[in-house]
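*Asks:* Shown below is the structure under consideration.
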Amino acid sequence: MDQNCPPTDGHRKNRSGFGSVEVQMCQSILPCHANHQGELGAGQLLKWMDTTACLAAERHAGMACVTASMDDIQFEETVRVGQVISIKSRVNRAFNTSMEVGIYVTVQEVLSGVMKRVCVAFSTFVAKPTGTQKVSLKPLDVQGSVEEMLEHSLASERRRLRLYNEEAFNNLMKDYYNLQDKGLYRGKPVTPAVSTELTRVESIELVLPPHANHHGNTFGGQIMAWMENVATVAASRLCGYYPSLGAVDMFRFRGPSFVGDRLVFKAMVNNTFQNSVEVGVRVEAYNCEEWNEGKPRHINSASMMYYIPERDGERCMLPDVTYTTLDGERRFIGAIVRKRIRMARKHILYSRDEGPVSVPWDRSNQVYLGYNNVAALTVIAGKRDWEPNNITDKMGLYVHEEADKLCLKVEMQAKTTAFHAFSMLADLQLRPQWDKNYLSCEEVEKADEEETIYHVKCATVNGGKCRDFVYLLSKRQPCKDGDPYVVALRSVTLAAVPPEENCIRSEAKCIGFLIQETSVSTCKVSYYNQVTSGILPYVEGNLAGWSRSMEETAMSCITYLERDVLTTPF
């Protein structure tokens, strides 16, 4: 069984008597569950997932619960007729009136017995008491496996991201409109493109008793299934082929609907990327009176990502799309923003410990270590297709993602000589004067004029312990005109600087500056950072859109570099 799937041992009791609640559903995939290609319909899977999650939530709450939202879902495996699917739902953490339920889906090939993970999702359920009864959910005193305790801890972090989601989306939308106005991000394609209006789909469903849950409201899983249906039609209109649902952005239920309501589903392609297409779906509900008056209730919206499978061993190319209305432009840019937020949430919530990053420091191997330090920075700087995220007259922030590797770049324009900037940035002991994340920086060992070992202590993040790093700093002056000045850093291990009890020893793989002369009195300073688990807490706010800390630090750096007096001898 996949190591990421929780063990099943029923309703576990912890010391306080409040059980760690888990519910499991097993289904043999029959033709009635599948689409025309013999694959389990994503809508059917979403219904089963919502059902098991609701049962787990209600078992813990002891009362009726309704789905408030379901986080991003990434589908990793295709499920086919004849296979067996297992869905396990477990309450990870209870808050005051809501709780997070983790949903783990695996598929088993009957003949071989091999199990693979299909997806992991996290739903938020809200308790709905009868009458005027007040809700105060009993907490989970987790005393189970390491995985359960980890998920219990991460649940609060995921909740924080959900609460920030709307604010982050609005902030990033402003940034991307600004980039588009400056011509720094793609707007309408120049080449011939398909209008997103041609992909518009509208469908209506009458909510009947079989569509209602055991509380009389329209079953959330049923609404998800109907949404997936219209989204698939919209995607297929653009692709001219049968697309596969690869991911779903956060479902958010804005209000209930009931038996007798008319549900209108509206879907349209928002944007296309290299090998995927995003479809937006909106759900409106009407009762009889609202139907006659034309006054809908907006009850749900979601975005779904579709992928086109290869045909005859060749990847199908998606056409560019364009928009013809202001709403189409909003959808077009919104898709870009959601792609950015999905990337951020993936790295914040699902990144795994990359293992040891530091290399042992050895004077006898100094030349090799220094070379690799500088070479790694040069490789990152040479990457193409950096995505701009925020650009002003003096600085620009860019992101580059390749597989699970995430890199950040900050470009700064400074009114000072390149040598002056190099001198200031090459002495790491000056860093606390302009970077508030640096609490202290101590020179541990100076190998020569180009290689120095530093012990850096950084500020606490989210109320935890401070973090410390042991860096090898390698600095290089230009070999010829046109070459940049280089300041490269990476983590090393050194017996003289063991981990401290009051700090979290963290590691960085590749960080540094390239300083390029642009005129006699100006230079461009480019900062690069290959994000590791130790660095992530300091940049996650920028990635997700709720913080401008990197922009603030960049402006502080520029101000510091533009001081008239050179305070650091070289």
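The values are calculated or read from the model by the stated rules, or taken from the named source; none is laboratory data. All figures in this text were calculated on a predicted structure; none of them were measured in a lab. As a convention, Cβ positions derive from the backbone with ideal geometry for all residues, glycine included, and neighbour counts pool all protein chains shown. Side chains are part of the model used for accessible areas, which takes the heavy atoms of the whole protein and leaves out ligands, DNA and RNA. Shrake-Rupley method; radii C 1.70, N 1.55, O 1.52, S 1.80 Å.
Table: residues versus (1) in a loop (DSSP other than H, G, I, E, B); (2) at pLDDT 95 or above.
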site: Gly355; (1), (2): yes, no
site: Val367; (1), (2): no, no
site: Asn372; (1), (2): no, no
site: Leu377; (1), (2): no, yes
site: Ile380; (1), (2): no, yes
site: Asn390; (1), (2): no, no
site: Asp393; (1), (2): yes, no
site: Tyr398; (1), (2): no, no
site: Glu401; (1), (2): no, no
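*Asks:* Considering only residues that are out of contact with any Cys (no Cβ under 9 Å at 6 or more places or on another chain), over 22 Å from Ser474 (Cα atoms) and surrounded by 14 or more Cβ atoms within 10 Å (Cβ to Cβ), which ones fall in region 368-391?
*Replies:* Pass one, region 368-391, residues out of contact with any Cys (no Cβ under 9 Å at 6 or more places or on another chain): 368-372, 374-375, 378, 381-382, 384-385, 387-391.
Then keep just the ones that are over 22 Å from Ser474 (Cα atoms); that gives 384-385, 387-391.
Scanning region 368-391 gives Glu387, Pro388, Asn389, Asn390, Ile391.
*Asks:* Moving on to the next point. Quick one: Met25 ticks every box in (1) open to solvent by 30 Å² or more (accessible area, probe 1.4 Å); (2) out of contact with any Phe, Trp or Tyr (no Cβ under 7 Å at 6 or more places or on another chain); (3) at pLDDT 50 or above except a single one, so which number is it?
*Replies:* Only one criterion in (1) open to solvent by 30 Å² or more (accessible area, probe 1.4 Å); (2) out of contact with any Phe, Trp or Tyr (no Cβ under 7 Å at 6 or more places or on another chain); (3) at pLDDT 50 or above is unmet by Met25, namely (2).
*Asks:* Kindly indicate whether Gly280 is under 19 Å from Arg342 (Cβ atoms), without any contact (Cβ under 8 Å) to a residue 60 or more places away in the chain, in contact with a helix residue (DSSP H, G or I) (Cβ under 8 Å, 6 or more places away or on another chain) and among the small types (Gly, Ala, Ser).
*Replies:* Values: under 19 Å from Arg342 (Cβ atoms): yes; without any contact (Cβ under 8 Å) to a residue 60 or more places away in the chain: yes; in contact with a helix residue (DSSP H, G or I) (Cβ under 8 Å, 6 or more places away or on another chain): yes; among the small types (Gly, Ala, Ser): yes.
When the stated conditions are applied, Gly280 passes them.
*Asks:* On to the next question. Looking at Thr124, Thr130, Thr67, Thr97, which is the one that is within 25 Å of Gly255 (Cβ to Cβ), out of contact with any strand residue (DSSP E or B) (no Cβ under 9 Å at 6 or more places or on another chain) and polar (S, T, N, Q)?
*Replies:* Working: Thr124 fails: out of contact with any strand residue (DSSP E or B) (no Cβ under 9 Å at 6 or more places or on another chain); Thr67 fails: out of contact with any strand residue (DSSP E or B) (no Cβ under 9 Å at 6 or more places or on another chain); Thr97 fails: out of contact with any strand residue (DSSP E or B) (no Cβ under 9 Å at 6 or more places or on another chain).
That would be Thr130, the only listed residue that is within 25 Å of Gly255 (Cβ to Cβ), out of contact with any strand residue (DSSP E or B) (no Cβ under 9 Å at 6 or more places or on another chain) and polar (S, T, N, Q).
*Asks:* Sticking with this structure for a sec: Consider Arg117 carefully, then state whether it is in contact (Cβ under 8 Å) with a residue 24 or more places away in the chain, open to solvent by less than 70 Å² (accessible area, probe 1.4 Å), assigned to a helix (DSSP H, G or I) and within 27 Å of Met250 (Cα to Cα). Spell out how you get there, then give the answer.
*Replies:* Details: in contact (Cβ under 8 Å) with a residue 24 or more places away in the chain: yes; open to solvent by less than 70 Å² (accessible area, probe 1.4 Å): yes; assigned to a helix (DSSP H, G or I): no; within 27 Å of Met250 (Cα to Cα): yes.
Judged against the criteria, Arg117 is not a match.
*Asks:* Within region 250-262, is there a residue that is touching a Pro at 6+ places or on another chain (Cβ under 9 Å), of a type outside the set (D, E, K, R) and at pLDDT below 95?
*Replies:* The answer is yes; a qualifying residue exists.
*Asks:* Then there's this: Which of the residues spanning region 403-423 are more than 16 Å from Val520 (Cα to Cα) and either part of a strand (DSSP E or B) or hydrophobic (A, V, I, L, M, F, W, C) (or both)?
*Replies:* Residues satisfying the conditions are Ala403, Lys405, Leu406, Cys407, Leu408, Lys409, Val410, Glu411, Met412.
*Asks:* Looking at Met224, Met268, can you tell me which residue is assigned to a helix (DSSP H, G or I) and under 25 Å from the mean Cα position of the chain (by Cα)?
*Replies:* Going through Met224, Met268 in turn, the sole match is Met224.
*Asks:* Does Val487 satisfy the criteria of being touching a Leu at 6+ places or on another chain (Cβ under 8 Å), over 20 Å from Asn365 (Cβ atoms) and open to solvent by less than 10 Å² (accessible area, probe 1.4 Å)? Spell out the reasoning first.
*Replies:* Values: touching a Leu at 6+ places or on another chain (Cβ under 8 Å): yes; over 20 Å from Asn365 (Cβ atoms): yes; open to solvent by less than 10 Å² (accessible area, probe 1.4 Å): yes.
Considered against the rule, which asks whether it is touching a Leu at 6+ places or on another chain (Cβ under 8 Å), over 20 Å from Asn365 (Cβ atoms) and open to solvent by less than 10 Å² (accessible area, probe 1.4 Å), Val487 comes out as yes.
*Asks:* May I ask you to list the residues in region 435-446 that are touching a residue at least 40 places away in the same chain (Cβ under 8 Å), open to solvent by 20 Å² or more (accessible area, probe 1.4 Å) and not basic (Lys, Arg)? Outline the logic, then answer.
*Replies:* Narrowing region 435-446 to residues touching a residue at least 40 places away in the same chain (Cβ under 8 Å): 435-437, 444-445.
Still in the list and also open to solvent by 20 Å² or more (accessible area, probe 1.4 Å): 436-437, 444-445.
Hits for region 435-446 are Asn437, Val444, Glu445.
*Asks:* Oh, and also: Does Gly216 satisfy being modelled with pLDDT under 90, on the phi > 0 side of the Ramachandran plot and open to solvent by 40 Å² or more (accessible area, probe 1.4 Å)?
*Replies:* Working: modelled with pLDDT under 90: yes; on the phi > 0 side of the Ramachandran plot: yes; open to solvent by 40 Å² or more (accessible area, probe 1.4 Å): no.
When the stated conditions are applied, Gly216 does not pass them.
*Asks:* From the list Leu377, Leu397, exactly one residue is more than 27 Å from Ala302 (Cβ to Cβ) and under 21 Å from the mean Cα position of the chain (by Cα). Which is it?
*Replies:* Values: Leu377 fails: under 21 Å from the mean Cα position of the chain (by Cα).
None of the other options fit; the residue is Leu397.
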